[in-house]
Amino acid sequence: MQKLQWPRLLMIGAIVLMTGSAFLSRASNTIDPSAGVPGVAQQPQANSAQQEKLVGTWQGVLEAGTAKLRLVLKVGKQPDGTLKALLDSPDQGATDMSLDSIALTGTSVRFKMTSPAAATYEGQLSADGSEISGNWIQAGQRFPLNFERSVKKASGDPNAPKAEGPKLEKVDAGGHKLNFLTAGSGGPTVILEGGFGAGIASWTTVLGEIAKFTRVVAYDRAGLGQSEPGPKPRTAMQFARELHTALQNVGIKPPYVLVGHSMGGITVRVFADMYPQEVAGLVLVDPSQESFNDWLKTHPSSVMKEAEAQIKNASEGIMFQ
């Protein structure tokens, strides 16, 4: 049994399709020094006026076969006038990943990254500066990726640009912060609780579908992904208490529909018991339950012994005690 690690940016959709696994290694902002300064363009730039056309926040969807992944490109300028950029993957709970370089030559946009995956983007900036149409290039394959400039919609103006999409933020859960992804609007709010070693990234497709008709939240438990470690002991009650605190602090009020997958099924049941007046319903997806551990004790196997050894060394966000 492989030790579960934080999923690397799914853009990666190319890698996911080739390996058949969405669980890759931890996303990292570490850049190979030989690639240059993170986020700083290493090739000739357009003049200052042209560069301004690229500065801002852009949102797009990477399409790799059946996989679709929302990406946010944030472009700014260095004190010396050169461009810099960071990339977010809200569906994966990954933020502020540095690009090795970004350049605008005429209307041609090109950026490159070597970590967490080696890839290049090539696109064309529209004449009005509102769109970039192009392709994500990785492992010899090209995948469509078009960006639109992200601008909040002006009230009462039907022709204004679209509002910003899903919101990824760090939320206080009682002295430490959890990585929260919120999308959609309306109620009741659907809360997605992942299984063993899983967080935001495990709900990529489901979250997008739910956001079409109501507000939905996915998050990384303390110690997973970009969430900070939490106090010990790590128990289902502690998980539920932290989630409740974070929901209150971020201003997401009940009622809640709690969706728990695998190990998360235990956490949502405990949450419902602790805060019964706030829960409108439970959805259990292949949930873990108490008798499972009893069954394992009477059906020992070498595979389970190996798994238990790995669990002891796992991140605190993987399992509760």
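Quick notes
- Radius 9 Å from Cβ of ILE132, net charge of other residues (Lys, Arg +1; Asp, Glu -1): -1
- Rounded, prolate or oblate (a/c below 1.5 giving rounded, otherwise prolate when a/b exceeds b/c) for segment 220-294 by Cα gyration tensor: oblate
- Euclidean distance between Cα centres, segment 207-265 to segment 266-298, Å: 14 Å
- Over all other residues within a Cβ to Cβ distance under 10 Å of LEU54, the charged ones net out to +2, with Lys and Arg as +1 and Asp and Glu as -1.
- Anisotropy class of segment 162-248 from Cα gyration tensor, a/c 1.5 cut: prolate
- Ranked from largest to smallest solvent-accessible area, with a 1.4 Å probe on the protein heavy atoms, ILE132, ILE210 come out as ILE210, ILE132.
- Formal net charge of residues neighbouring TYR275 (Cβ-Cβ distance under 14 Å; K, R +1; D, E -1): -1
- Listed pairs LYS112/LYS167; LYS53/LYS84; LYS170/LYS253; LYS68/LYS253 exceeding 21 Å between Cα atoms: LYS112/LYS167; LYS68/LYS253
- Judged by the gyration tensor of its Cα atoms, with axes a ≥ b ≥ c, segment 126-277 is prolate; a/c meets the 1.5 cut and a/b is the larger of a/b and b/c.
The values are calculated or read from the model by the stated rules, or taken from the named source; none is laboratory data. Note that the structure is a prediction, hence the values are computed from the model and not measured. Here the Cβ is made from the backbone with ideal geometry for all residues, glycine too, and neighbour counts use every protein chain on show. For the accessible areas, the whole protein counts, side chains as well, though only heavy atoms, and no ligand, DNA or RNA atoms are used. Shrake-Rupley method; radii C 1.70, N 1.55, O 1.52, S 1.80 Å.
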